[in-house]
Structure formats: structure tokens, C-alpha cells
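K.L.:
Structure provided below as C-alpha cells; questions to follow.
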Amino acid sequence: MIPYGRQSINDDDIAAVVQALKGNFLTTGPLVEQFEQEIEKVVGAPCVVVSSGTAALHCAYAAIGLEPGDEIITPPITFIATQATAALMGAKIVFADIQLDTGNIDPKAVEAAITPRTKAIVAVDYAGHPADLDELRAIADKHGVYLIEDAAHAIGSSYKNRPVGSIADITTFSFYPTKNLTTAEGGAVSSIHPELLQKARRFSRQGLIRNKEEFVNRTEGAWHQEVQQFGLNYRLPDVLCALGISQLSRLSDFKVQRSKLFNGYNSHFNELEGIVVPRVRDYVSPMWHLYHMHVAPEIRESLFNFLRQSEIFVQVNYIPAYAHPVFSSIETHQGEFINSEYFYKSEISLPMYVGLQDEEFAKILITISKYFG
Ligand SMILES: *Cc1c(COP(=O)(O)O)cnc(C)c1O
């Protein structure tokens, strides 16, 4: 089976992990801070590393003080984690339709979805292509709400020459094995606002305060630490930070290789009738996490099955979030999210990862050509 995505682990990555295992710290050690500093160099803003992309989103929502009854505006075409943690905090999930060409949230739909209860706009950089961040920023500023960017797909991407991570109020990343770089499980939160990042950090570290200037309770001894707001344990261990540091040093190489695959698919499919290839705005430089091709909805399932039977483990990203049974109690009106529906019904994600062999790539192209006769 050729998977749709997988990690790339080399000998340097393995050596880095082994060395960390021999060190004094398995979890909170010096590599945590080092990894955070290395990520900052890539994303252009300070960050805190956490145990998953889901944890990163939870920390982002905690940092903005999301409360029951608050609304967040999200795209339907995303992994459910974008919504899950906010919903568990009591927020109301509001959906805004996407743009058909990129799969990203449509600023016009966002504007229409704003209410006095809106707390944040949450954009997703689908497949690694940055959302329309300037337009979303303008809407967020106009209405006094936060802009959060779920960049689980997009570490290493840039928008108008600015790295993803340095644009939204808070940006979140995932280091799951199929993503652009991996720490097995892991993630990060970056923010251009030090006070928001501090809140995210504290939330990810049990809410513990160790700085005595900030204590409410000032009569205790030198052992004292205190909690003023609850947090959770979302720490990323030193051992996994070692892997992350090593992976980050390979990121620009990853980007070159992913772009090569992207361009290879595009140039092949441009000659095939019946396939729509992903569009790229000329002011972005995506780090491609997914290659999303689109076909007529009537043939999507048969092509999907044909590829799976040919041992090409394609994927569909994603079923619109509102279609999950967990959202069955919220009202979505038929025809309200026309682009999300069409995007979902026409999409197939082809294998896209560092280490995909030339023969495998050729097999994918030949199999698809064969399907289209
Ligand atoms: C993968 C992903 C997440 C969650 O990341 P995990 O590290 O798996 O928790 C969140 N949002 C999007 C868009 C993702 O693709």
C-alpha cells in the first residue's frame, strides 16, 4: 500500500532521540526551549510546544478566554479538532462556507456570520495553502474579535512573504506523522501577542505559577507555587523535542520535495480531461501537506475505490464537520454550504510525502490515467 501521507525519519532523527533518552530529562528539559526557539525562526513569532495539534487549539481557545455561549466561526472543511475543543468549552460552533479553489474559509461568508457573541474567527490553511489572512484580519479588527489560524497543515508556508505563524493573533500547528514534520504526537502554539502566548503556555502547564511577583498567596515559603486558573498537562517531552529539532533542520528540504510532487501531479493532470488541480494564489508559498484533486462527484467514489484496489491508499479530506453526528443538534440549512458540499463530494487526496519513490509516483499517475481511459 502506498499511503496518502507518512513521516520521513532519517538516521539523524534517530540519533537525536537516542541522545535525548540518555540525558537527564525525559520530559521537561533543555530541548523543549530549544525546540521552541527553532520553531520561532521558522514561524516568525514566539511559541510554546504542546502534546498535539488538538492541545494547541485548546490552549489557543483558553488563551483568548473562550467561554460558554461565545461563538467561533470555522470552516466546515477541516479536521474535527478545529471545533472539538471549543465545543467542549461550551462555545457555539458557527460555520462559514469555503472558497472552492483553495478549500479555505471565505471572508465574505465570515463577515455574514459575525454576531455580537462572536469571539474568534478560526481559519484553517487547508492542504498548506494559507487562508485569506489580510481579509480575515480586517474583519476581525472591524468587529473586535480574535483571528486564530489552525495551521496544522501549514508549518513552513508563507503568505505575502510572511511566515504562517506570524500573522494571526494565535496560530496552532500539529506534528502528527502525516503532517509536514513530526514528533510522533505534538504541536505548537505561536502568537504575536506575548500575553496570549503566556496564557497558552500556562494553560498547557497545569496553570502553575512559579513567579513570586504574581502570587496571590505571599506568605508561603520558597517551595510555593500556585494555580489561579485551571490548566492541563499538555507538555511535549524532551525526547520528542529532540526529534522535532532534528526534523525542523530538514524542513526546507521537505518543502522542496513536497513542491516537486505537487508540480509533478499538476503537470500530469493538466493533460487529463476530468481532473481539477489545486489552485495557488500568486502571493502564497505553500508547504503542501495534501494534494487535493477534484473530479466529478458522480465518479469520485469509483475512482477512490479503483485507487484503493490498486493499493494506493488515497483519502478524502474532509467530510464537512457539520455532517458529523455530534453536530446533529445544530441547524444547518440545506444548500447553506454549497462550496463545502461540492468540495467534499469531488475531493480525493493523493499520496504526498517525503520518501514517496519515483516508481510509486509513476504508478499513481499511470493508475489514474488508466481510470480515465
Ligand atoms: C491534524 C489536525 C489537527 C489536530 O492535530 P493532532 O496533532 O492530530 O491533534 C487539527 N486541525 C487540523 C486541520 C488537522 O489537520
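K.L.:
Give the distance, in whole Å, between the Cα centre of the range 1-57 and the Cα centre of the range 271-303.
P.N.:
First find each Cα centre; the distance between them is then 31 Å.
K.L.:
Around E226, which amide H atoms from residues at least 5 apart in sequence, or from another chain, sit under 5 Å from its own amide H, with H modelled in the peptide plane?
P.N.:
I209
K.L.:
Follow-up question, since we're still on this one. If you take the C-alpha gyration tensor of the range 11-248, multiply each eigenvalue by 5 and take the square root, what semi-axes do you get, largest first, in whole Å?
P.N.:
Numbers: eigenvalues 178, 110, 38 Å².
Ellipsoid half-lengths, sorted descending, are 30, 23, 14 Å.
K.L.:
Using 0.36 nm times the number of residues separating K212 and R308, minus their current alpha carbon distance, what extension gain do you get?
P.N.:
Fully extending the segment from K212 to R308 adds 28.7 nm.
K.L.:
Mean 1/r over all different Cα pairs, inverted: what Kirkwood radius does the range 251-371 give, in Å?
P.N.:
It is 15.8 Å.
K.L.:
Could I have the simple spin-label model distance between I330 and E359, label points 7 Å from Cα toward Cβ, reported in nm to one decimal?
P.N.:
The two pseudo-label positions are separated by 4.7 nm.
K.L.:
With just the Cα atoms of the range 114-163, tell me how far they stretch along each of the three principal axes, in Å, largest first.
P.N.:
Largest to smallest, the principal-axis extents are 34, 19, 11 Å.
K.L.:
Same structure, new question: Taking only the C-alpha atoms, wrap a convex hull around the range 174-233 and report its volume per residue in Å³ as a whole number. Show your work: numbers first, answer last.
P.N.:
Working: hull volume 6.1 nm³, N = 60.
That works out to 102 Å³ per residue.
K.L.:
Positive end of the dipole of the range 11-158, charges at C-beta (+1 Lys, Arg; -1 Asp, Glu), about the Cα centre: which of Y61, V122, F35 has its Cα farthest in that direction?
P.N.:
Y61
K.L.:
Go through K92/K160; K108/K199; K255/K345; K179/K255 and tell me which ones have a Cα-Cα distance over 23 Å in this structure.
P.N.:
Long pairs (Cα-Cα over 23 Å): K92/K160; K108/K199; K255/K345.
K.L.:
Under 5 Å between amide H atoms, partner at least 5 residues away or on a different chain: which partners does G5 have, H built in plane at 1.01 Å?
P.N.:
It is M352, by chain and number.
K.L.:
Let me ask something else about it. Could you state the per residue volume, in Å³, of the convex hull enclosing the Cα atoms of the range 12-126?
P.N.:
Each residue corresponds to 141 Å³ of Cα convex hull volume.
K.L.:
Pulled fully out, how much extra length does the chain show between V316 and E298, if you take 0.36 nm times their separation in residues and subtract their Cα-Cα distance?
P.N.:
5.0 nm
K.L.:
Which whole-number percent gives the relative contact order of the range 251-371, counting Cα pairs below 8 Å spaced six or more residues apart?
P.N.:
On the way: 110 pairs, mean separation 41.0, N = 121.
The normalised contact order for the range 251-371 reaches 34 percent.
K.L.:
Want the number for V276 to A138: 0.36 nm per residue separation, take away the alpha-carbon distance, what's left?
P.N.:
46.6 nm
K.L.:
Treating each Cα of the range 86-218 as an identical point scatterer and ignoring solvent, apply the Debye formula and state log10 I(q)/I(0) at q = 0.09, 0.13 Å⁻¹.
P.N.:
Relative scattering, expressed as log10 I(q)/I(0), comes to -0.31, -0.62.
K.L.:
Hey, another quick one. Relative contact order for the chain using alpha-carbon pairs under 8 Å, separation at least 6, rounded to a whole percent?
P.N.:
Worked out over the chain, it gives 24 percent.
Every number in this text was worked out from the coordinates using simple rules, so none of it is lab data. Owing to the predicted nature of the structure, the values given are computational and were not obtained by experimental measurement. Here Cβ is always computed from backbone atoms with ideal geometry, including for glycine, and neighbour counts include all displayed protein chains.
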